[in-house]
């Protein structure tokens, strides 16, 4: 076991950088690539990593991961096969206007082993994403008995009463009346589009170290990029076991 990964317990996948939204709070900035990770290589990476480390959770996100539902499902099938207890998906819920397709994907998620869905809805997502289809997706997730929570992005803090947070609370209430609870969400970090479009809301001191970044000498979560990049290497060029074994902090 690599000593720098001794506490590794989580695997994350950016399934694709392609997205159905154009959110001004997005830390990734403009999504100008449609790359998506290979589902079979991703699934095998889970199996090999879980054999060496005590992985407790796997998460898929994006971009919008459900633009590639087969990939999402292969990843979570592998996680279930390896007895990884938490299998999480973060989605904005808008990947199709075809009602039958939405129903089909909800059933796929139920069958593949996803057991925690975080639905990104807030003032920022709903500037470009129609709430109608997001609600249809959420309704079908509930029908398939999958746990789902709305997962908002808060500007400055959850308690701050800026215009965006006010709209977010109104949107969340619509899902709460559907019986869908709200997660803690996350506070927007000033980078990418957030810094470009919402800079007036941040103090200069806010642009320091990202609180979501890992300590390179004590990695607890690894994140595969849509192009296969991981820990300074790439799973298309090198086996994940070798990448993990040879990793050293810079």
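Taken together, the values in this text are just the output of simple stated rules run on the coordinates, not laboratory data. None of the values given here were measured: they were computed from a predicted structure. Every residue, glycine as well, gets a Cβ built from its backbone with ideal geometry; the counts of neighbours run over all protein chains shown.
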Evaluate the relative contact order of the chain (contact order divided by residue number), counting alpha-carbon pairs under 8 angstrom at least 6 apart; express in whole percent.
27 percent
Going by how many other Cβ atoms sit within 10 Å of their own, how do 87, 103, 47 line up, fewest first?
47, 103, 87
Label-point gap, in nm, between residue 245 and residue 35 - each point 7 angstrom along Cα→Cβ:
2.6 nm
Taking the chain and counting helices only, DSSP H stretches of n ≥ 4 at -39,500 (n - 2.57) each over all residues, the nearest-500 ellipticity at 222 nm comes to -10000 deg cm²/dmol
Using a Förster distance of 22 Å, how high is the FRET efficiency between residue 3 and residue 81, based on the Cβ-Cβ distance and rounded to 0.05?
0.20
For segment 3-246, give the share of DSSP beta bridges that are antiparallel, in percent and rounded to the nearest 5; count only bridges with both residues there.
10 percent
Distance from segment 85-158 to segment 1-72 (C-alpha centre basis), Å:
17 Å
Computed FRET efficiency, Cβ-Cβ of residue 132 and residue 57, R0 30 Å: what is it to the nearest 0.05?
0.45
In nm, to one decimal, how far is the residue 178 label point from the residue 161 one, both placed 7 Å along Cα→Cβ?
2.9 nm
What nm value, rounded to one decimal, do you get for the distance between residue 149 and residue 202 when each label is placed 7 Å out toward the C-beta?
2.5 nm
